[in-house]
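In what follows, a single structure is set out as structure tokens and then discussed.
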Amino acid sequence: MERDTPATAALAASITYLAVAPLLPFAVSSHDGSRLLQVGLLAVVTSLALFSPAVPEWTKHRSLLGCGAASLTLALGSLLTAAQFGAAAQEVALLLGLAVVARQAYRAARSAAVGWVYDALLAASCAYFTLTLGIYAAALAEGAPLNARMLHLGFDNPRFFNHAQTLAVPVLLGWSVAAPGQKRRRVALGVASLHFAWLFMDLARASLLALAVAAVWCACVGATALWRRLALSALLGAGLHLSLFVALPRLLNRNWAGQFASVQELGSSHSRDLLLSAALEQIQAHPWLGAGPMHFAALAHPKGAHPHNLYLQWAAEFGLPSLLLLLALLLLPLWRASTTLRQTRSTQHGMTAALGAAIVAALVDAGFSGNFVMPVSQVWIALVYGLLWAELPHTTALSQRRRASLLPMLPLMTVQLWLAAVTWQQWQYDPPRISDLSPVTTADQKPRPRFWQQGWL
């Protein structure tokens, strides 16, 4: 198959978003700025898809197509019965755009080698840590207050960074095994260890659990090199955390003015029990088609605009049948990857094990967090999902001789342009929110992010 240049351009745009969005100095919240950029990215990626040649590759994944078509049908049913049609349509449009990101990542990776993607992701993490460690060093040298939040540039809440790290760590460690050149592999291992240092600093329970489960999955499928790298990187990260964020401040007689989380909070539910109860009540009231896409946020629940659990959120908003289809869509490539890895005697496994481990980690994290809700982690998930499908074996060679059919892509592009226009209109509100009638948190309340940081409908 010849290089699919439009898909490669779309993949490059997605990587650029992941690298640049956290570093831009937005005048509003980082969440809102990242969301606006994300919607622009989806419009660009979908427009580029118009120019990709038609390749009948998805016909080889009939189970994927069937689950996707059934999910879309149920989503449309949920949309039509939603109390707030506009907000529900906005959520469905966003999810469709992310599906196109995954599709274009798949096409690009199937048409040409994508080692440059992992080099770019490695460079992005290097740039991020260079900047944040520079800020930390300056604070230590100048006597400025040490606050953990200043080390999470581009993320209003350190947890939002943790969601992205949950996927970044396995991908970087996979590249530390598969990358050409010893120096590049060592840098990837070192940067992954820095990610672990941040996770330990944040006491990121869900992310650390997710990565531990990913390591177990790697051991079960025979990806020995990767699970060993995960263990080594975690140990190195713990050492870096103790050296950089515990011993060094004490040596300089400095204290943390603001720590994001404390050891005493490790056993706290952080009100998740209240959010989960609210989601269960919505499921009982609307078991078949759900209350409507994004409609957990219609509750204006004082503890959050999403229940910090993807599976209950999806069942509450789209219905229980749709949840089953979602699970099939998410688990299908993992099942195939597991089968492929077990049948392969190679100890390296390329990037298949790393991408599979990243999806495993994301799915575990999704049971305790909003990683499928936040803009940067959403793009990470879509990207890794598409790249994982591309790594799986295909039985036939693909042909790239026909022009793309505009029939399926033109409506998708129209939807994304509509989403961009609506998002830009909502961006004009102060602060940005779904409508000018949407509730806004008071000065003594924390924002409850969903689409926007002011996430209630």
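The simple spin-label model puts a point 7 Å past each Cα toward its Cβ; for T442 and A70 those points are separated by 4.8 nm.
Taking every C-alpha pair closer than 8 Å and separated by at least 6 residues, the mean separation divided by the residue count of the stretch 92-241 gives a relative contact order of 21 percent. Modelled spin-label separation between L24 and T130, with each label point placed 7 Å from Cα along the Cα-to-Cβ direction: 2.1 nm. Normalised by the number of residues in the stretch 161-303, the mean separation of alpha-carbon contacts (under 8 Å, six or more apart) gives a relative contact order of 22 percent. In plain terms, the chain from A212 to Q425 could stretch by 72.5 nm, reckoned as 0.36 nm per residue minus the Cα-Cα distance.
Suppose accessible area is computed on protein heavy atoms with a 1.4 Å probe; arrange T441, T132 from highest to lowest. Mind dumping the intermediate values first?
Values: T441 20, T132 0 Å².
Largest to smallest exposure gives the sequence T441, T132.
If we count trypsin sites (Lys or Arg not before Pro) as exposed when they sit in a DSSP loop and have at most 16 other beta carbons within 10 Å, what is the longest stretch of the chain that avoids them all? By the stated rule (loop sites, at most 16 other Cβ atoms within 10 Å), 4-253. The chymotrypsin sites (Phe, Trp or Tyr not before Pro) of the stretch 295-363 include none that DSSP puts in a loop with a beta carbon having at most 11 other beta carbons within 10 Å. With protein chains left intact and a 1.4 Å probe, residues in the chain average 42 Å² of accessible area per residue. With θ taken as phi - 60° and the Karplus curve 6.51 cos²θ - 1.76 cosθ + 1.60 applied, the whole-hertz 3J(HN,Hα) list for the stretch 287-297 is x, 8, 10, x, 6, x, x, 6, 7, 5, 5 Hz, x standing for glycine and proline.
Heavy atoms only, probe 1.4 Å: what % of the accessible area of the chain goes to carbon and sulfur, would you let me know? Using a 1.4 Å probe with all protein chains present, the chain comes out at 64 percent carbon and sulfur. Extension gain, R250 to W418: 0.36 nm times the residue separation minus the Cα-Cα distance gives 55.1 nm. Computed with a 1.4 Å probe on the full set of protein chains, the accessible area for E281 sits at about 120 Å². Computed over protein heavy atoms with a 1.4 angstrom probe, the accessible surface ordering of D202, D273, largest first, is D273, D202. At the residue level, S277 shows approximately 60 square angstrom of accessible surface with a 1.4 angstrom probe and all protein chains present. With runs of 4+ DSSP H residues as the only contributors, calculate the mean residue ellipticity of the chain at 222 nm using -39,500 (n - 2.57) per run, divided by the residue total and rounded to the nearest 500. Calculated mean residue ellipticity at 222 nm is -21500 deg cm²/dmol.
Tally Lys/Arg at +1 and Asp/Glu at -1 over every other residue whose Cβ is under 14 Å from the Cβ of A328; what's the total?
Numbers: positive: R62, R336; negative: none.
Computed value for this residue: +2.
In the chain, Cα pairs under 8 Å separated by at least six residues give a relative contact order of 27 percent. In angstrom, the C-alpha Rg and Dmax of the stretch 50-194 are 20.8, 61. Spherically averaged projected area of the convex hull of Cα atoms, the chain: 21.2 nm². Computed from phi, the 3J(HN,Hα) profile of the stretch 362-371 under the Karplus parametrisation 6.51, -1.76, 1.60 (θ = phi - 60°) reads 5, 5, 5, 4, 5, x, 10, 8, x, 5 Hz, with x in place of Gly and Pro. Phi-derived couplings, Karplus 6.51 cos²θ - 1.76 cosθ + 1.60 at θ = phi - 60°, listed residue by residue for the stretch 318-325: 10, x, 5, x, 5, 4, 4, 5 Hz, with x used for Gly and Pro. Near G68: Cβ cut-off under 13 Å, other residues only, Lys/Arg at +1 and Asp/Glu at -1. The net charge is +2.
The values are calculated or read from the model by the stated rules, or taken from the named source; none is laboratory data. Bear in mind the structure is a predicted one, so any value in this text is a computation, not a measurement. Virtual Cβ from ideal backbone geometry, glycine too; neighbours counted across all protein chains shown. SASA here: full protein model, heavy atoms, side chains in, ligands and nucleic acids out. Shrake-Rupley method; radii C 1.70, N 1.55, O 1.52, S 1.80 Å.
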